[in-house]
Amino acid sequence: MLYFWVINEREIKNKIFFRMARKDQKQVKLQPKYRALTYGQKTVPELKLSGVWLEKLGFRAGEKVNIIIREQELIITAIKPEIL
């Protein structure tokens, strides 16, 4: 895994460092989602993905995806419509 650091004197003084983004990884934040339950409310994690990068990878709006669920890992695969 290669990381490139771009640092100038001002950034060192302010302790601000920037890392170039990798094209094969995305970091997103899980948002809280509030669920109303019969006995109260529960907060659950919510994951939203959007962007041109998804389209470039072959994902299209309105199409279905398959999600493989593993311990601390999700694998999302586009389901291509069958041609009859």
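Observations on the model:
- Members of the range 5-53 found to be part of a helix (DSSP H, G or I) and modelled with pLDDT of 90 or more, listed by number: VAL52
- Considering residues of the range 54-67 that are part of a loop (DSSP other than H, G, I, E, B) and in contact with a strand residue (DSSP E or B) (Cβ under 7 Å, 6 or more places away or on another chain) only, the residue surrounded by the most Cβ atoms within 10 Å (Cβ to Cβ): PHE59
The values are calculated or read from the model by the stated rules, or taken from the named source; none is laboratory data. Values in this document were obtained by computation on a predicted structure and should not be read as measured data. Cβ sites come from the backbone with ideal geometry, for glycine too, and all protein chains shown count toward neighbours.
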